[in-house]
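Everything below concerns the one structure shown next.
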Amino acid sequence: MGLKVSISGVRGLFPEDLTLEHVMNFTRVFSSMLSDRCALAMDTRISSKSIASVASAVLREYGIDVYNLGVAPTPVLVRESNASRVGAGIMVTASHNPLEWNGLKFALNGREVPADLLLKSSNSSKKSKSISRIGVEYWSSSSASSIYLDDLFRFLELDGYDAEGVRVAVDTAHGSSRAYILEILARLGFRAVVMDSIAVDPTGSDLAHLYTAVSNGCRLGIALDMDGDRAVVLTGQRYKPDDTLLICLAKAVEMGCRSIAVSIDTSNAVRDLARAMNCKLLYSKVGEANVVDTMLKNGCGAGGEGSSAGFIMAGFNLCRDGLLASALSLSMLDRLDEVMEYSKRYSVRRGKVDARGIKHDRISDLLLSRHDYSESITMDGIKLVLDESTWVLVRPSNTEDVVRLSVESESTDRCNELYRMYEQMIKDAG
C-alpha cells in the first residue's frame, strides 16, 4: 500500500509501510518547530506503545520535555497542545484505518499540522540552537483528562444537566475515548450501555448492534473511532455520518454561530438546515485542515465534515472532536426528531474503489464528458451537481490508495443506481 503522508498525518501498515525509522524522522522534523515542551498520546492499537516510546525518545534527545498523556483521544491531545498549555503534541494513531495500520498526527498551538508540510520541511530538521540537555518525560494522563472534561462542561454549560438514567448505547471500538465518553455520560446522568466492537471506522461499519440497542429502549447510539475524533450518532432512523454534523451544527447556531464551514462531501441536509436557520454556509476541500483553514479565514464559529462524522467548534477545539460532538448531541435529545427531519429527505451512499492502475486524468475526462449535470466543482476531485437534491463526488483519498465515491439523492433507488454507474466509470479508467 505504501506510506501515506497528507494533511491528515502520516500513516501506513506497521511495520511494513510505516517503520520506526519513519517515526524517528518525522519526529525529528517536528522537533525543529518546537521550543521545549510537547504532549504525547496514543490510541489502543498493539503497536502504539512502541511507536510512542520511540517518539518520546527522539523528542527528549532534542531537549524537549515530554508530557505523556498515555492512552488519550486526539481532541484531548490537540487541546492540551494549545499554546496556553504545552504548545505542541504528537498523537500516535491511524485513526479510522484498519488495526494493522498506525501513524502519527502532529499538533502545534492548538491546530493539527499537516504531515506533508513536515515532509517539505525535512531539509531543515536540525534545531538552530544548541542542545544543552536531555528532555524529561512526565506522565500527566489524569490531569489532562480532568482538565479537558471540566473545560467541556463549562463551554457547553452542562453542569446541572440530569438525564435521570436515560440509556445510551456506546461503541468506542475499544479505543482511546472509552474512559472519556463514559465519564461524560455519567456526569450528565445517562446510563451507558457499552457495546464495544472492532468497528474501527464507525462511518463505514455495520452498526447493527447499536440499532438493536436503540430499538430496544436506548434513546441514542454513539460510535467513536479509535482516536475519538469521529462520533457517529444513531437516532433510530436510517443512519448516515452527516447526521452528527447536522445535529451539532443546529446546536452551534443556537449558541450564536452565524457562519459555518463544511467539506464538499457533506449532505444537502446541512445546506437546508443552514438556510432554515439563516446561517451562512461555506464549503472547503475534504480534510480537517482544509475545513479549519476555511473557518479561520472566514470567521466561522463551527464546521466539519459530513462524510467523516466530524464536528469542529472554533471556540473549543480546532480539530474534529468526537467527545464534544457526543456531548452536544446528548444535550439535544429534546430536539433530535425536529433536526433529523432535514436528514430524512436524502439518501447518501459512499464507498471506495482500489486506485491501483487508475488514471485520474482519465476519470476527469470521463466525468466531464457527461452532459447530465448542471454544475461541476473541481475544488477537490470532481463534484457533479445533477439537480437541487442530487450530486456525485469522485476524488482521490487523502489517507488510502483508493478513489472515494460519494452520491446523494432524494431517492434511494436513484442514489444506488448512480453509485453503480459511476463506480463502473472509475473502474473503466484503469
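The values are calculated or read from the model by the stated rules, or taken from the named source; none is laboratory data. The structure presented is a predicted model; accordingly, all values stated were derived computationally and were not measured. Here the Cβ is made from the backbone with ideal geometry for all residues, glycine too, and neighbour counts use every protein chain on show.
Quick look at the numbers
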quantity	calculated
Filter result for Leu59 (at pLDDT 95 or above and in contact with a Leu (Cβ under 8 Å, 6 or more places away or on another chain))	yes
Qualifying residue in region 249-264 (condition: under 13 Å from Val348 (Cβ atoms) and of a type in the set (Lys, Arg))	no
Members of region 373-430 that are of a type in the set (A, V, I, L, M, F, W, C) and either closer than 27 Å to Val10 by Cα or assigned to a loop (DSSP other than H, G, I, E, B) (or both)	Met379, Ile382, Leu393, Val394, Val402, Val403, Leu405, Ile426, Ala429
Qualifying positions in region 1-47 - of a type in the set (Gly, Ala, Ser), over 26 Å from Arg178 (Cβ atoms) and surrounded by 24 or more Cβ atoms within 10 Å (Cβ to Cβ)	Ser31
Boolean, Thr74 is within 16 Å of Leu118 (Cβ to Cβ), buried (at least 24 other Cβ atoms within 10 Å of the Cβ) and among the hydroxyl-bearing types (Ser, Thr, Tyr)	no
Wholly enclosed strands (runs of 3 or more DSSP E) of region 294-372 bearing at least 1 residues at pLDDT below 95 and among the hydrophobic types (A, V, I, L, M, F, W, C)	347-354
Near pairs, Cβ below 9 angstrom, 6+ apart or cross-chain, from region 298-313 (among the β-branched types (Val, Ile, Thr)) to any residue that is crowded, with 24+ Cβ neighbours inside 10 Å and assigned to a strand (DSSP E or B)	Ile312/Ala261; Ile312/Ala302; Ile312/Gly303; Ile312/Gly304; Ile312/Glu305; Ile312/Leu318
Failed item, numbered, when Asp293 is tested on (1) closer than 18 Å to Arg395 by Cβ; (2) in contact (Cβ under 8 Å) with a residue 24 or more places away in the chain	(2)
Checklist (1) surrounded by fewer than 20 Cβ atoms within 10 Å (Cβ to Cβ); (2) touching a helix residue (DSSP H, G or I) at 6+ places or on another chain (Cβ under 8 Å); (3) within 22 Å of Asp354 (Cα to Cα) applied to Asp401, failing item	(2)
Residue list for region 358-375, restricted to those being under 19 Å from Ser397 (Cα atoms) and polar (S, T, N, Q)	Ser364
Selection within region 377-411 - within 26 Å of the chain's Cα centre (by Cα) and among the polar types (S, T, N, Q)	Thr378, Ser389, Thr390, Ser397, Asn398, Thr399, Ser406, Ser409
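Residues are listed down the side, and each one gets a yes or a no for (1) of a type in the set (A, V, I, L, M, F, W, C); (2) closer than 29 Å to Ser176 by Cα:
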position	(1), (2)
Met295	yes, yes
Glu305	no, yes
Ser308	no, yes
Asp321	no, yes
Ala327	yes, yes
Arg345	no, no
Lys352	no, yes
Arg370	no, no
Ile382	yes, no
